[in-house]
Amino acid sequence: MINLRFFPSRRIALYMMRLFLMRSLAVLAGLVIILQTLDLLGESGKILAFPGNGDTEVWRYVSLRLPQLVARFLPFSVLLGTLIALAGLNQNSEIISMKAAGISAHQIMAPLIVASLGVALFTFAFNERIVTRATATLSSWEEVDYGPVPRDSGVKPNVWVHYGEDLIFARQVTGGGQTTRLAGMTIYDRQGETLIRIVDAKSAERQGDHWLLRAVSIFDVDAGRVTKLATLAYGGTLDPLQFTLAKISPDSEDLPTLRNSIAELKRSGRPTDALEAGMWHKISGPLSVVLMPLLAAVAAFGLARSGQLFVRAVIGMALGFTYFVADNFALAMGNLGAYPPAFAAWAPFALFLLIGEAVLIRTEE
């Protein structure tokens, strides 16, 4: 009689889930401890180089870096944890006992898939609530070489903007819209590939249909002459959004904020393919955890005494790491505009979902 139930018995399902979660968490803890230690060895010198920094700042760095490491290596940990759990079940003939009891390969893997869905939901919430904030704070801290950073100041440091052929640098950007203020502004006035003049201004603000630069110093490259001006009008069509939205990172913004930023960039005529790919990847990335049990399933089936258990585990590991390579490649192509954003984020997931299911069906036969 064919067993048509999706899950095996309740006891077996809970046993499989507990085994899967405990192995994955153990691998994650080991990886994060090792990687955090290595990372801290490289960064502690830079942190302590700033006058006044000590143990408190080092532990602050750890608290900000740790969520990034957890988010980045959680899928790897689930892959390795699944391989360890399934290889152990195979070696101890527990898989054979389940199949002898009429439990199919899909039913054996079903508890792992359900548990991985829970891990994926946790990963998404963890990324949105903790990782984005930690990334934004750490990026701001690194910008000032681990010195003091005013909290919630709205200051964006070291912003570069293209305006026609000109290249503009603002040391600080504050405010937004018509109230945007620039401090330490430098304009590299170019014609083609030739630099014509360099305009330095102590500050700049939007007034009417142009920017008003104050305390201006103009260096004429051809004449080698410096001209001082009290004020200078510049850039009638230079949108303030180009400064306030110039340094958007999908890793530093949650999903609703990123969607609003993309909408504002589109209204200002700016390209958004890279940000849209990052937005879609905020969903497909955590869901990659669901693929890991499917890709690692090759280690669960087949006779352990055949001497090929290690080979099967290596094949499962290779499938998992190939997915991560394909995912990073597709995301890079999406950032370059070679792939549509949604395709870049979802194509590797769909492809390896089919591969994982094909492997599972083949092993069940």
**Residues listed by number, the stretch 190-221, amide nitrogen under 16 Å from Ala183 label point at 7 Å toward C-beta** = 201-206, 214-215
**Asked** Which whole-number percent is the relative contact order of the chain (Cα, under 8 Å, 6+ apart)?
**Response** 17
**Item:** Counted charge near Ala204, where neighbours are those whose Cβ lies closer than 9 Å (Asp, Glu -1; Lys, Arg +1)
**Value:** +3
**Request:** Measure out, as a whole number of angstrom, how far apart the alpha-carbon centroids of the stretch 159-179 and the stretch 205-284 sit.
**Result:** 4
**Request:** Determine, for each peptide in 221-227, 15-21, 187-193, the mean count of other beta carbons within 10 angstrom over its residues, then list the peptides with the highest first.
**Result:** 15-21, 187-193, 221-227
**Item:** Positive-end residue, the chain charge dipole about Cα centroid, Cβ charges, pick of Asn158, Trp280, Phe169
**Value:** Trp280
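What order do you get for His162, His210 when you list them from fewest to most C-beta neighbours inside 10 Å? Please list the in-between numbers first.
Numbers: His162 10, His210 14.
Lowest count first: His162, His210.
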**Request:** Give the distance, in whole Å, between the Cα centre of the stretch 118-145 and the Cα centre of the stretch 24-83.
**Result:** 13
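In whole angstrom, how long is each semi-axis of the equivalent ellipsoid of the stretch 156-249, when you take the square root of 5 times every eigenvalue of its Cα gyration tensor and sort them from largest down? Spell out each step's value before the answer.
Details: eigenvalues 93, 45, 27 Å².
Equivalent ellipsoid semi-axes, largest first: 22, 15, 12 Å.
Return the calculated 222 nm mean residue ellipticity for the chain, to the nearest 500 deg cm²/dmol, obtained by summing -39500 (n - 2.57) across DSSP H runs with n ≥ 4 and dividing by the residue count. Write out the running numbers ahead of the final one.
Details: 10 runs with 211 residues, N = 365.
Taken over the chain, the calculation gives -20000 deg cm²/dmol.
FYI, it's all coordinate maths here, none of it is from the lab. Keep in mind that this is a model prediction, so the values were computed, not measured. Neighbour counts run over all protein chains shown; Cβ positions are idealised from the backbone, glycine included.
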